[in-house]
1. Can you work out the base-10 log of I(q)/I(0) for the range 4-163 at q = 0.10, 0.16, 0.18, 0.19 1/Å, using the Debye formula on its C-alpha atoms alone?
2. Need one number: nm distance between label points at R23 and A64, each 7 Å from Cα along Cα→Cβ, rounded to one decimal.
3. With a 10 Å radius around each residue's Cβ, average the other Cβ atoms per peptide and rank 21-31, 5-15, highest first.
4. With the crude spin-label approximation of a point 7 Å out along Cα→Cβ, what separation in nm comes out for R129 versus A107?
5. Given Cβ point charges of +1 (Lys, Arg) and -1 (Asp, Glu) and nothing else, what value in debye, to the nearest 20, does the dipole of the chain about its Cα centre take?
6. Once R0 is set to 30 Å, what does the formula 1/(1 + (r/R0)^6) return for the Cβ-Cβ distance between A148 and M83, expressed as a FRET efficiency to the nearest 0.05?
7. In nm, what is the difference between 0.36 nm times the number of residues separating E52 and A162 and their Cα-Cα distance?
8. Relative to a virtual label point 7 Å from the Cα of E93 in the Cα→beta-carbon direction, which members of the range 53-70 show backbone nitrogen distances below 19 Å?
Amino acid sequence: MSNIVLIGPMGSGKSTVGAALARRLGRPHVDSDHFFVARYGPIPDYFTTHGEKDFREREHRVVAELLDSPRPSVISLGGGAVMDERTRALLGEQMVIMLDITEEQAALRIGDGTTRPVLGDEPMEAWKRIYAEREGIYRACADMVLPADDESIETRVDTIVARL
Ligand code: S3P
């Protein structure tokens, strides 16, 4: 049985929905950002010290390690992880779900963007630009796309489980 992997833009709820979905399915939940932080420290600090290129390389290795999990898990990926083609190749064997959100929802969720260094000083401008760059890639990787919606986390989980 493959892992269930959640992808999508920053603020789309990959971590919260992933945790709730894992609880529902009785599977372990892992989050690539949390795993990265536990191993290498806060992401903004890592960007400052080592730069984005180094972050992306380590992120790929973390994701590859998590996808190789001995138990089928629910795995939430950082929003930029799918930009690595080696990571995309690994996703071919997994059940991949894209969580989508609108700009309005993103604006409510990402705040001042301080925990996400790729958003810089103008978080919503950056979010929109990055979303435009990545949307097609998210969709191409996904076996299931959950459209932007204001439903609760548990309702999102219901929707996913019904479509698995
Ligand atoms: C990033 C998204 C973040 C985190 C890092 C870079 C991105 O994860 O991996 O700050 O490039 O989209 P979330 O999508 O969980 O915010």
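1. At q = 0.10, 0.16, 0.18, 0.19 Å⁻¹ the computed log10 ratios are -0.33, -0.90, -1.17, -1.31.
2. According to this spin-label approximation, the distance is 3.4 nm.
3. Sorting 21-31, 5-15 by mean packing, highest first, produces 5-15, 21-31.
4. 1.9 nm
5. The calculated dipole for the chain is roughly 580 debye.
6. The pair A148/M83 has a calculated efficiency of 0.90.
7. In short, 35.8 nm is gained.
8. So the set is 60-70.
Bear in mind that the values in this text are calculations on the coordinates, not laboratory data. None of these values were measured; they are calculated from a predicted model. When we count neighbours, we look across all protein chains shown, and the Cβ atoms used for this are built from the backbone with ideal geometry, even at glycine.
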